[in-house]
1. Between A:K116 and A:K49, what FRET efficiency comes out of the Förster formula 1/(1 + (r/R0)^6) with R0 = 41 Å and r the beta carbon distance, rounded to 0.05?
2. Starting from the Cα of A:E271, step 7 Å along the direction of its Cβ; do the same at B:K242; then give the gap between the two resulting points in nm.
3. Quick one: which residues, 5 or more positions from B:F254 or on another chain, have an amide H under 5 Å from its amide H? H modelled 1.01 Å from N in the peptide plane, none for Pro or chain starts.
4. For A:S100, B:S285, A:S13, which order do you get if you count the other beta carbons within 10 Å of each Cβ and list the fewest first?
5. Could you work out the relative contact order of chain A, using alpha carbon pairs under 8 angstrom and six or more residues apart, expressed as a whole percent?
6. Would you mind giving the mean number of other chain beta-carbons within 10 Å of the Cβ of each residue in A:115-127, as a whole number?
7. Under the definition of partner shielding as Cβ atoms of other protein chains within 10 Å of a residue Cβ, what is the mean value for peptide B:176-185?
8. Answer rounded, prolate or oblate for chain B, using the Cα gyration tensor with square roots of eigenvalues a ≥ b ≥ c: rounded when a/c is under 1.5, else prolate when a/b is larger than b/c, else oblate.
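Laboratory data are not the source of any read-out in this text; all were calculated from the coordinates shown. Only a predicted model underlies this, so the values are computations on that prediction, with no experimental measurement involved. Methodologically, a virtual Cβ is constructed for each residue, glycine included, from the backbone with ideal geometry; neighbour enumeration extends over all protein chains shown.
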Amino acid sequence: MKFFLGIDVGSVSVKMAVLDEEKNVRASVYLDTAGAPIRALKQALEEIKKASECHGFQINGIGVTGSGRKIASFFIGADVVTNEVTAQTMAALHHNPEVSSIIEIGGQDSKVILLKNGIPVWFNLNTLCAAGTGSFLASQASRLKISVEEFGAYASRSTLKVNIAAKCTVFSESDMIHKAALGCKKEDIINGLCEGLVRNFINNVAKNRPLDDPILFVGGVASNQGVINAFERELGRKVIAPKEHKITGCIGAAILALQKNVERTKFKGFEVAKHDIGMDFFVCVDCQNRCDITKIFVNNTAVGHLGSRCEKYNDKTPAPQ
Amino acid sequence: MRAKLSFPRYGKYTDLLAELCTNLGVDVITPPPITKHTVELGTKYAPGDICYPFKITLGTMIEAVEQGADTIIMANSDGWCILRCYAAVQEEIMRSIGCKFSMRAINIRKPIKFFRDIRRIVPRLSPFALIREMRRFFRKVKKMDEAEKDINKGSDIKIGIIGEVFVCNENTVNMDIVKKLQRMGIFVDRWLCLSNNVEMLFKDMFGVSNANKYSKIARKYFSVRIGGHANENLVKLIRYIKEGYDGVIMLKPFACGPETVIEPIVERISRDHNMPVLSLSIDESALETHFQTRIESFVDMLKMRKAAG
């Protein structure tokens, strides 16, 4: 039996999953980065290591995705380095081959992917502003002294429709404070926030394109029942949040690794979790671009660079120093 | 003392433009490359909400003056979009921060005004010499643009690039999007390259432009002149669809008037014709990693679509 590891290094969390040849999830981890992605990555690796020692997994391929995919691939080694859209598409197609719309709202970004007959035909990611994504909901929840999981229960108790402007996080927050000062109840404000987020998503991310059934809702925010309900009310359709919604990105990456099925994996083994990672920053002055280059060290040995616009630092692994 | 002339950078054509000026008999200071410092200068002194090309060109002009230029040439579009007031506003801003120079706006739409403006800089220039040098310049630009189009000619994935002319041409600003795509093995057509642009300007100057002769299908979506290259971009988008391109990338500077106006129209055309369009908005806060993710996703999607037939 072959096993494949998928890693999704997101903005606020690190996700890992081990898939077998039948694409069943055999082990998974979800960890908050808490501002230190590398530490979270090591911790998650340790946990996967424990699980694989327990069940005797042998990793035959590895796929990484998420905003931290490049760093993770230098650190752990990767057979497939892919973007979030492709990874989510693969995972959603695995979950339901008929899927025609994917809504993904994560910590810092949100995206919509439309499919026709199992082929992605259109996608869109949020633009410069991160309004209406997970981190914003989390910060509002902590300001209101409730947990994100309680959102749904609060929102369903709402009796009054309150409009919250959710286009921009800053304005949204001041609107919430204003509505609270007017005497609106917490329940109504939370419900208004969920509805505003959904409205903003449909207008600015989905660009008012029709979302057809079946609609899959993944990403951290899919745990939030209030948002799911608001989506269903707004779209008038059923929105399905699969139980593995938090780890779909890494499932997709593992599926891609499985499809590639390399002879010898580039996975450096679980012992990398004990390695020491360092970074150095410099500005390359060889051309007019003046790129900020990040040099990555593992155990004080330079393993690669990030951030150059040309191919200069991307293909070449520098000599040890 | 002879004037030391400079102009805002214009992508890879900067050196050819400098050569053209030299051939016309003026002393040129080639504007320094666009760096983070240039962008910082531009954003520091330009009005906050103005479009991105304004900030970049302002930054390069300030740097050119710092390097000793005393005369700056700036294009004046005489209509179109706020490019028509770039020169005037930028001159005002640069004087207020103590730059000593004179600004010469060149009208790029009316042939007689164009010649008049050039004569103000090179007083004894004959029209024949100007035409000769312009043709020589044009031939070199054309060669450069054709070289770009030769890469990946046989590729089965073809992407067209539409959008605002400055960000399409200035590689420092558009994160070298053409090369990024070419490295993925894709054929890229960037129709707003300088040679097409010059051709279009000339046609426009002498009234043989086809900008107003919209094809039937184009008329369904828009009937008014919008400004900038907005109409031309829409017509080109429809042509890309007809020519069987796999996808179109639209580059627009944040807060660009004409391109923002046509965005919903582009979205509608894209939906009606099932043509994927990736719209990228560029300004000083745009991140290269965001770009990379979007471009990679777009290319992945096009490949999957292609494979499915």
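1. On the way: r = 41 Å, r/R0 = 0.99.
Calculated transfer efficiency: 0.50.
2. So the label points at A:E271 and B:K242 sit 6.5 nm apart.
3. Here B:Y52, B:I282, B:D283 satisfy the definition.
4. Details: A:S100 20, B:S285 9, A:S13 24.
By the 10 Å Cβ count, ascending: B:S285, A:S100, A:S13.
5. On the way: 682 pairs, mean separation 69.6, N = 321.
Once normalised by length, the contact order is 22 percent.
6. Details: counts 2, 3, 1, 2, 7, 8, 7, 9, 7, 6, 5, 1, 6.
Partner-chain Cβ atoms within 10 Å, mean over residues of A:115-127: 5.
7. Working: counts 3, 0, 0, 3, 2, 0, 0, 3, 0, 0.
Per residue, the number of nearby Cβ atoms from other chains is 1 on average.
8. Details: a/c = 1.77, a/b = 1.54, b/c = 1.15.
Cα axes put chain B in the prolate bin.
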